[in-house]
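Just below is one structure, and these are the notes that go with it.
The values are calculated or read from the model by the stated rules, or taken from the named source; none is laboratory data. Everything numeric in this text was worked out from a predicted model, so none of it was measured. As a convention, Cβ positions derive from the backbone with ideal geometry for all residues, glycine included, and neighbour counts pool all protein chains shown. Only protein heavy atoms, including side chains, enter the accessible area calculation; ligands, DNA and RNA are left aside. Shrake-Rupley method; radii C 1.70, N 1.55, O 1.52, S 1.80 Å.
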Amino acid sequence: MTDYAGRLRLGVNIDHVATVRNARGSAYPDPLRAAQIAQEAGADGITAHLREDRRHISDADIDGLMESLNLPLNLEMAATDEMQAIALRHKPHAVCIVPEKREEVTTEGGLEVAMNENRLAHFIDPLREAGCRVSLFIGADEAQIAASARIGAQVVELHTGHYCDLHAEGRFDERDTELARLRDMTAYAHSLGLEVHAGHGLTYDTVKPVAAFAEVIELNIGHFLIGEAIFRGLGPAIAEMRRLMDEARA
């Protein structure tokens, strides 16, 4: 496997390739093919969220990715017994614990770690022992970051959705305030020894300020790239994101 030490990593989330497939109940488009194209286009890892309701990624998709993927797989999942058992069976490179509600369209916020430290600590211990790198998807909040470090998470992924929403709505002063908060909390998480990732809602217009944070090791981007692929193709869409990330870090 390629060593990407020192390079800002790009994890491509392929969930919404499965969303399109499932809209017709067909066998295509195939998320595994998307993962292979992503690798060729410069992705450093693949992210897939196996939701409890299986609305996009399926168990068979995870089986296929684990069997044939040449990149690290980041399995996003809720903190449930069912999902823990699936992760322990497959032992993916990384497991990212996310909040999940059946009625939500997409993940709406970060995981509440500070109020659930004991439960989450016991939940992630077997995953770490199995060799999975455990990440918690949280808001850019000092209490949540500190709690994540206390319970033994190796990684935190900071939720960038609010920053991206403010940009899209033209609320630029508020956007800049949120960006400054993300920058400060990235530095704080790094100071606690956590590896810092970021993601949710990032586009060509919003990625560079976040990619410029020196402490951020990985960005996970999906929905925008799958949407952009309709117009320019998946490989070129990913390659352009890779170019912008590299330019921001240059």
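Quick notes on this structure:
- Ellipticity at 222 nm from helices only: DSSP H runs of n ≥ 4 in the chain, each -39500 (n - 2.57), divided by the residue count, give -15000 deg cm²/dmol.
- For Phe224, Phe123, the ranking by accessible surface with the largest value first comes to Phe224, Phe123, using a 1.4 Å probe.
- The mean accessible area for residues of segment 21-145, using a 1.4 Å probe and ignoring ligands and nucleic acids, is 47 Å² per residue.
- Cα convex hull volume per residue for segment 1-101 (Å³): 103
- The relative contact order of segment 32-142 comes to 23 percent, based on Cα pairs under 8 Å that sit 6 or more residues apart.
- Spread over its residues, the convex hull of the C-alpha atoms of segment 109-182 is 79 Å³ per residue.
- About the Cα centre, charge dipole magnitude for the chain (Lys/Arg +1, Asp/Glu -1 at Cβ), debye: 500
- The chain: relative contact order in percent, alpha carbon pairs under 8 Å with at least 6 residues between: 20
- The C-alpha atoms of the chain occupy a region whose extents along the principal axes are 44, 40, 39 Å, arranged from largest to smallest.
- Accessible surface ranking for His90, His56, 1.4 angstrom probe, highest first: His90, His56.
- The portion of the accessible surface of the chain made up by carbon and sulfur, rounded to a whole percent, is 50 (1.4 Å probe; DNA, RNA and ligands excluded).
- Charge-dipole axis of the chain as Lys and Arg at +1 and Asp and Glu at -1 on Cβ define it, positive-most pick from Ile151, Val95, Thr80: Val95
- Ranked from largest to smallest solvent-accessible area, with a 1.4 Å probe on the protein heavy atoms, Glu129, Glu195 come out as Glu129, Glu195.
- The Rg/Rh ratio for segment 51-185, using Cα coordinates for both the radius of gyration and the Kirkwood hydrodynamic radius, is 1.00.
- Considering only Ala153, Ala121, Ala23, the mean-square fluctuation computed in a Gaussian network model of the chain, springs between alpha carbons under 10 angstrom, is largest for Ala23.
- Label separation (Arg89 vs Ala214): 4.5 nm, computed from points 7 Å beyond Cα along the C-beta direction.
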